[in-house]
Amino acid sequence: MITNAGQTAYPLAATERYGTPAIAFHWISVVLVVAVGVLGLLHDSWSKQTQAFWINIHALIGLLVWVLVMVRFGWRRRHAPPPLRADIGNFSRRLSGLVHGSLYALLFITPIIGIVTFIWHGRVFDFGLFRLNFGVRSNRAIFHPTEDIHGYLAYGLFALVGIHVLAALWHQFIRHDGVLRRMWHSRSS
């Protein structure tokens, strides 16, 4: 229930919001996943002259996603999330846990499979200042199935991100319960 412009009937206390590091991890992850996803979807659109460059950028951003997930896991082990409001139903809690757990699993596994594909494709990581060559020859028997698996995992990730976004919008615009604002910085808290 909306009381006046932008305010809900469920005001959030500072203790119900995520802290600045958690919010930063979340939104940086969003930007990186969108960037790596767009590059992955455009893979077949690149010309032969630029394809190696863009695949390398895709792989580097994928590595960055993986590193960010690892840092986020480490940070989360020492920092518990704020408690959910009591009026959030059991179904929403369980579904949220399932979706978040699946998102983290896919954010962890998808880049690993992508790196296996990248390396067994015979590609070289170009970090700008240095190159990392594993000296592995292209092996279609390995990279072809891992490339398919990587793509299926990415589509699964996109589906879960869509569910996550729809749930956040449902909480924001239908329930008006402040769940989305937990992951949004507030000057007042």
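Remarks
- Residue that is farthest from GLY114 (Cα to Cα), among those in segment 71-87 that are among the hydrophobic types (A, V, I, L, M, F, W, C) and either buried (at least 16 other Cβ atoms within 10 Å of the Cβ) or in contact with a Phe, Trp or Tyr (Cβ under 8 Å, 6 or more places away or on another chain) (or both): TRP75
- Residues that are closer than 30 Å to ILE174 by Cα, β-branched (Val, Ile, Thr) and outside any helix (DSSP H, G or I) are absent from segment 97-120.
- Taken over segment 33-69, the criterion of being among the aliphatic types (A, V, I, L, M) and closer than 16 Å to ALA105 by Cα is satisfied by VAL33, LEU63, LEU64, VAL65, VAL67, LEU68, VAL69.
None of the figures in this text is laboratory data; all of them are computed from the coordinates on show. Worth saying up front: this structure is predicted, and the values here are computed from it rather than measured. Because the Cβ atoms are built from the backbone with ideal geometry, glycine has one as well, and the counts that use them run over all protein chains shown.
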